[in-house]
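Worksheet: the structure to be examined is printed underneath.
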Amino acid sequence: MRPVKIEVQAVSKVFGRDPKGALAKVRGGMDKQRLKDETEHVLGLHDISLTIREGETFVIMGLSGSGKSTLIRHFNRLIEPTGGRILFDGEDILTFDAARLQAFRRRKVAMVFQRFALLPHKTVVENVAYGLTLDGVPKAEALRRAGEQIALVGLSGFEKSYPAQLSGGMQQRVGLARALATDAEVLLMDEAFSALDPLIRHDMQLQLKDLQARLGKTIVFITHDLDEALLLGDHIAILKDGTLRQVGTGSEILARPADDYVARFVRDVNRARILLCGAFADAGLIVAPDAPVVEAGATLEAAFAAFAGGAQAVAVRNGDGRIKGALTAQRVMEALARE
Amino acid sequence: MTSGFPELWDTRSFGRALDSAFNSVVANWGETLEMVFMPVLRGITGLERGLQFLPWWVVVALFCAATWAAGRKVLPVVLVAALLVLLGLLGVWNEAMATVALMLAATILSVVIGVPLGIVMSRSDRMRGGMLPVLDIMQTMPIFVYLIPFVMLFGPGKIPALLATIVFAIPPVIRLTDLGIRQVDPEIVEASRSFGASPRQQLWTVQVPLAMPTIMAGINQTTMMALSMVVIASMIGAGGLGYQVLQGIQRLEVSRGLIAGLGIVLLAIIFDRIAQSYGRRVQANLHREGN
Ligand SMILES: Nc1ncnc2c1ncn2[C@@H]1O[C@H](COP(=O)(O)OP(=O)(O)OP(=O)(O)O)[C@@H](O)[C@H]1O
Ligand SMILES: [Mg+2]
């Protein structure tokens, strides 16, 4: 198994004048609503423990106000927990002093923001070089490395533009390039794609997957879009009212929702985009040699085009290049209809 | 005559104590303070002489260059040049230059002192809580009240005029620096923090640049207030256009007062144009659209 990158141990967060006192009350059994009504403290997170492994994309989901942003801001200590520990590569980041914390933020973690949060008075290339210049990288080198990242996200030619001159999707690419430029091991993405329109959004999702495959970063990704979570996430954590309801792979959560809340959450999902061809291929079915081929790791949706083109059956190919079996349109329909 | 309010404590002896305390400050520190402010006085006098000594067209060219540097637009430059020529035609050139020297000195010192104070104020709510009432008092206290101690310390002249002007004109730049920094989008500051910016880096790479339009508005107000002080400051020996107005009043010469007053208005417009075109350019840089 991959080594652990971030370990969250029993983290709780209370907002208010006396967080510790309020947390004691919560431990004594007071719930979020009563805490708010009686003591005017907000319970942001309650007793969260989870493990994020190196190189995976870990998605945090939940409705508005469930504590997603609060949680992800603990990973680079933009928010200090009221209780609990956060280990990064086995080290407790809460013990870092100011200088150590700055160095940690400059080199180890980088963040992409929902509303981009670019520096409006700096050009695209200066924005992307920002983290490097904070770290004292000489200007020429910082700009050169920033230029590489800009090319990587497909924005060459816009180096000298200002953020306000770019579309939302382009601005978020700048945000992504800025986070990639410091070569941090962990990317924290707080609803990074939520402000984009569906087309650009899908584009960015694919681009992120592609980057992830090439660079192997650890990505913590927040979304409240289940399709996005299932597309990107190796593991998904579902939060409600500051508590963790379930952690698992997409198919685990789809197959065995931990409770009613999670079940309602996953009910409307587009199964064609989640279920994999490999899981439904019929090994006994022989297909014509010229039949269309899909990868076992592709979603059922990938087979749709072939059927629409008139194919009777589609061959399913394993990662090692051998044909594993075949899918018929009827089998696909059964898989989608299964409840 | 009976007083409407019972005298519960001895205001007169309090007043006397205050006066004698201040007198001893004057006696013990007056000379030292005068020494300390000597370089400032030399600076103002030098600036004034310089402006009066230079041929008028050189001064106009300098103003035009400053306007161009501030706004990179032709129209304000032309306007400033025209207004300066008008000032010369009014026959108050030398007086105007004396006023400009005092006002520039007061504005520069106000900015040098006020911007750091505003920054300090923006960093802590307690600091802000302590400073706001002081700024309120500075702005509402009748200006003549400051003149007394400054004149006692330095005797009539340019230094007390300068100090009284600074006290009167500095609040806007302090307030608006504080406000500008507090209004910077917290998400952008957070982003800067998330990339490991130290508090100082946050200040200089994000907060101050983004607060710049507001800070400039404060500097503009400070400039205008410094200019409006020139008449009052001339009562304690500041000279310049204000002194002409004062003489107009004393001699009941309507024309003298009117012309000098007009000169002050022209100067106000000139400095307002320069400050505003700078402010507009900074603003445009922040929200650039198209090219
Ligand atoms: N600084 C704060 N002070 C007080 N309460 C806060 C603060 N920040 C967050 N909260 C509260 O903590 C809870 C979780 O907020 P958070 O922003 O983490 O939600 P979220 O899941 O990110 O929601 P969204 O999807 O709307 O972004 C909310 O009830 C919110 O009101
Ligand atoms: Mg959020």
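Of the residues A:242, A:278, A:248, which is away from ligand 2 (no atom under 16 Å from the Cβ) and in the same structural domain as residue A:203 (by TED's automatic domain parsing)? Lay out the reasoning, then the answer.
Details: A:242 fails: away from ligand 2 (no atom under 16 Å from the Cβ); A:278 fails: in the same structural domain as residue A:203 (by TED's automatic domain parsing).
Unique residue meeting the criteria: A:248.
Looking at B:273, B:193, which is the one that is open to solvent by 30 Å² or more (accessible area, probe 1.4 Å), part of a helix (DSSP H, G or I), within 23 Å of residue B:84 (Cα to Cα) and of a type outside the set (A, V, I, L, M)? Spell out how you get there, then give the answer.
Values: B:193 fails: within 23 Å of residue B:84 (Cα to Cα).
Selected residue: B:273, the only one of B:273, B:193 that is open to solvent by 30 Å² or more (accessible area, probe 1.4 Å), part of a helix (DSSP H, G or I), within 23 Å of residue B:84 (Cα to Cα) and of a type outside the set (A, V, I, L, M).
Every residue, every condition in (1) away from ligand 2 (no atom under 16 Å from the Cβ); (2) over 21 Å from residue B:192 (Cα atoms); (3) without any contact (Cβ under 8 Å) to a residue 40 or more places away in the chain, yes or no:
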| residue | (1), (2), (3) |
| --- | --- |
| A:40 | yes, yes, yes |
| A:48 | no, yes, no |
| A:53 | yes, yes, no |
| A:72 | no, no, no |
| A:77 | yes, no, yes |
| A:87 | yes, yes, no |
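Are there any strands (runs of 3 or more DSSP E) wholly within the stretch A:1-114 with 2 or more residues that are of a type outside the set (Val, Ile, Thr) and within 28 Å of residue A:254 (Cα to Cα), and if so which?
A:4-15, A:42-53, A:57-62
Where in the stretch A:227-302 are the strands (runs of 3 or more DSSP E), entirely inside, with at least 1 residues that are within 18 Å of residue A:327 (Cβ to Cβ)? Let's see the steps before the verdict.
Working: elements: A:235-240, A:243-248, A:293-295.
Those strands (runs of 3 or more DSSP E) span A:293-295.
How about the stretch A:58-87: which of its residues are open to solvent by 10 Å² or more (accessible area, probe 1.4 Å) and more than 15 Å from ligand 1 (Cβ to nearest atom)?
Those that are open to solvent by 10 Å² or more (accessible area, probe 1.4 Å) and more than 15 Å from ligand 1 (Cβ to nearest atom): A:83, A:84, A:85, A:87.
What is the residue count in the stretch B:184-206 for residues that are more than 10 Å from every other protein chain (Cβ to nearest Cβ), under 25 Å from residue B:109 (Cα atoms) and free of Cβ contacts under 8 Å to residues at least 60 places away in the same chain? Give the derivation first.
So the first thing to find is which residues in the stretch B:184-206 are more than 10 Å from every other protein chain (Cβ to nearest Cβ), and the list is B:184, B:200, B:203-204.
Checking the rest, the ones that are also under 25 Å from residue B:109 (Cα atoms) come to B:200, B:203-204.
In the following step, the residues that additionally are free of Cβ contacts under 8 Å to residues at least 60 places away in the same chain were identified as B:200, B:204.
Looking only at that region, the number is 2.
Among the candidates A:165, A:172, A:149, which residue alone is within 16 Å of ligand 2 (Cβ to nearest atom) and either more than 25 Å from residue B:203 (Cβ to Cβ) or within 18 Å of the chain's Cα centre (by Cα) (or both)? Write out each step before concluding.
Values: A:165 fails: within 16 Å of ligand 2 (Cβ to nearest atom); A:149 fails: within 16 Å of ligand 2 (Cβ to nearest atom).
Every option except A:172 fails the conditions.
In the stretch A:158-166, is there at least one residue being surrounded by fewer than 23 Cβ atoms within 10 Å (Cβ to Cβ), away from chain B (no Cβ under 12 Å), among the hydrophobic types (A, V, I, L, M, F, W, C) and in contact with a helix residue (DSSP H, G or I) (Cβ under 7 Å, 6 or more places away or on another chain)?
yes
Return the only residue of B:100, B:134, B:145 being closer than 30 Å to residue B:32 by Cα and surrounded by 15 or more Cβ atoms within 10 Å (Cβ to Cβ).
On the way: B:134 fails: surrounded by 15 or more Cβ atoms within 10 Å (Cβ to Cβ); B:145 fails: surrounded by 15 or more Cβ atoms within 10 Å (Cβ to Cβ).
Every option except B:100 fails the conditions.
For the structure I just gave you, tell me whether residue A:48 is open to solvent by less than 10 Å² (accessible area, probe 1.4 Å), out of contact with any Ser or Thr (no Cβ under 6 Å at 6 or more places or on another chain), over 30 Å from residue B:284 (Cβ atoms) and outside the structural domain of residue A:239 (by TED's automatic domain parsing).
Values: open to solvent by less than 10 Å² (accessible area, probe 1.4 Å): yes; out of contact with any Ser or Thr (no Cβ under 6 Å at 6 or more places or on another chain): yes; over 30 Å from residue B:284 (Cβ atoms): yes; outside the structural domain of residue A:239 (by TED's automatic domain parsing): yes.
Taking the combined requirement at face value, the residue satisfies it.
Filter the stretch B:250-290 down to residues that are touching a helix residue (DSSP H, G or I) at 6+ places or on another chain (Cβ under 8 Å) and polar (S, T, N, Q) and give me whichever is farthest from the other protein chains (Cβ to nearest Cβ).
Just the residues of the stretch B:250-290 that are touching a helix residue (DSSP H, G or I) at 6+ places or on another chain (Cβ under 8 Å), to begin with: B:253-261, B:263-264, B:266-283, B:286-290.
Applying the additional criterion that residues be polar (S, T, N, Q) yields B:255, B:276-277, B:283.
Values: B:255: 50, B:276: 19, B:277: 18, B:283: 10 Å.
Ranking the qualifying residues of the stretch B:250-290, first place goes to B:255.
Mind telling me which of the residues A:184, A:195 ends up being within 16 Å of ligand 1 (Cβ to nearest atom), within 14 Å of chain B (Cβ to nearest Cβ) and assigned to a loop (DSSP other than H, G, I, E, B)?
Matching residue, one of A:184, A:195: A:195.
Cβ contacts < 6 Å: first residue within 16 Å of ligand 2 (Cβ to nearest atom), restricted to the stretch A:1-18; second residue in a strand (DSSP E or B) and open to solvent by less than 60 Å² (accessible area, probe 1.4 Å), any location; separation 6+ or different chain. Result?
Listed by first residue and then by second, the contacts come to A:13/A:44; A:13/A:45; A:15/A:42; A:15/A:44.
Does residue A:28 satisfy the condition of being closer than 19 Å to residue A:185 by Cβ, modelled with pLDDT under 95 and outside the structural domain of residue A:218 (by TED's automatic domain parsing)? So that I can check it myself, show each step before the final result.
On the way: closer than 19 Å to residue A:185 by Cβ: no; modelled with pLDDT under 95: yes; outside the structural domain of residue A:218 (by TED's automatic domain parsing): yes.
No: the conditions fail for residue A:28.
Report yes if residue A:110 is surrounded by 23 or more Cβ atoms within 10 Å (Cβ to Cβ), more than 8 Å from every other protein chain (Cβ to nearest Cβ) and at negative phi, otherwise no.
On the way: surrounded by 23 or more Cβ atoms within 10 Å (Cβ to Cβ): yes; more than 8 Å from every other protein chain (Cβ to nearest Cβ): no; at negative phi: yes.
In short, no.
Run down A:285, A:300 and say which single residue is touching a strand residue (DSSP E or B) at 6+ places or on another chain (Cβ under 6 Å) and not assigned by TED's automatic domain parsing to the domain that holds residue A:228. Before the answer, list the steps.
Working: A:300 fails: touching a strand residue (DSSP E or B) at 6+ places or on another chain (Cβ under 6 Å).
Checking each option against the conditions leaves just A:285.
Looking at the stretch A:135-142, is at least one residue more than 16 Å from ligand 1 (Cβ to nearest atom), surrounded by fewer than 21 Cβ atoms within 10 Å (Cβ to Cβ) and on the phi > 0 side of the Ramachandran plot?
Step one: filter the stretch A:135-142 for residues more than 16 Å from ligand 1 (Cβ to nearest atom), giving A:135-142.
Restricting the remaining residues to those that are surrounded by fewer than 21 Cβ atoms within 10 Å (Cβ to Cβ) gives A:135-141.
Those left that are additionally on the phi > 0 side of the Ramachandran plot: A:136.
Yes.
From the list A:143, A:132, A:155, exactly one residue is touching a helix residue (DSSP H, G or I) at 6+ places or on another chain (Cβ under 9 Å) and closer than 16 Å to residue B:197 by Cβ. Which is it?
Numbers: A:143 fails: closer than 16 Å to residue B:197 by Cβ; A:155 fails: closer than 16 Å to residue B:197 by Cβ.
One residue alone meets the criteria, A:132.
If I ask for residues that are of a type outside the set (A, V, I, L, M) and loosely packed, with under 11 Cβ neighbours inside 10 Å, which ones from the stretch B:32-50 would you list? I'd like the intermediate steps shown before the answer.
The first filter runs over the stretch B:32-50 and keeps only residues of a type outside the set (A, V, I, L, M), leaving B:32, B:34, B:37, B:39, B:42-43, B:45-46, B:48-50.
Correct list: B:32, B:39, B:42.
When you look at residue A:136, is it out of contact with any Leu (no Cβ under 7 Å at 6 or more places or on another chain), within 11 Å of another protein chain (Cβ to nearest Cβ) and without any contact (Cβ under 8 Å) to a residue 12 or more places away in the chain, yes or no? Quick ask: steps written out before the conclusion?
Details: out of contact with any Leu (no Cβ under 7 Å at 6 or more places or on another chain): yes; within 11 Å of another protein chain (Cβ to nearest Cβ): yes; without any contact (Cβ under 8 Å) to a residue 12 or more places away in the chain: yes.
Judged against the criteria, residue A:136 is a match.
The values are calculated or read from the model by the stated rules, or taken from the named source; none is laboratory data. Remember, predicted model here, so these are calculated numbers, not experimental data. Virtual Cβ from ideal backbone geometry, glycine too; neighbours counted across all protein chains shown. In case anyone asks, the SASA skips ligands and DNA or RNA and just uses the protein heavy atoms, side chains included. Shrake-Rupley method; radii C 1.70, N 1.55, O 1.52, S 1.80 Å.
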